[in-house]
Amino acid sequence: MMKIKQEDVVKALDFLREQGLTDEQIAVAIGQQMPGGVHPSSMSVYRWRIGRNRPRQMFGWVILEMAKVQRSKK
């Protein structure tokens with residue numbers, strides 16, 4: 001499995017915020033994509049966005065996919 005780059009996740013999170021999504025909405029949307037509805041807290045999303053922490057790979061992939069889908073809606 002390819003590793004995702006932290007800077008790609010941060011860029012994706014910044015893009016999602018520019019599209020009007022809050023950290024809480026991003027956290028819930030991640031949960032909607034995960035088996036069993038597992039989702040991070042909005043504070044975790046905030047920490048990822050400012051680069052303080054990095055998400056687990058599975059959350060990172062979902063964030064990148066969410067940004068890709070948002071970009072395709074333009």
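So here's what we get for this one:
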{"quantity": "Per-peptide average of other Cβ atoms within 10 Å, ordering 64-72, 44-52 highest first", "calculated": "44-52, 64-72"}
{"quantity": "Listed values [x] 24, 14, 9; [y] 15, 14, 14; [z] 46, 16, 5, entry calculated as semi-axes √(5λ) of the Cα gyration tensor in Å", "calculated": "[y]"}
{"quantity": "Residue-averaged [θ]222 nm for the chain, counting only DSSP H segments that reach four residues, each worth -39500 (n - 2.57)", "calculated": "-20000 deg cm²/dmol"}
{"quantity": "Amide H contacts of Asn53 (H built 1.01 Å from N, under 5 Å, at least 5 apart or other chain)", "calculated": "Trp48"}
{"quantity": "Dipole magnitude of the chain, debye to nearest 20 (Cβ charges: Lys/Arg +1, Asp/Glu -1, about Cα centre)", "calculated": "200"}
{"quantity": "Distance in nm between pseudo-label sites at Glu24 and Trp61 (7 Å out along the Cβ direction from Cα)", "calculated": "2.9"}
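Read-outs: derived from the displayed coordinates by stated rules, not from any lab. Here the structure is a predicted model, which means the values were calculated and not measured. Don't worry about glycine lacking a Cβ; one is built from the backbone with ideal geometry, like all the others, and counts go over all protein chains shown.
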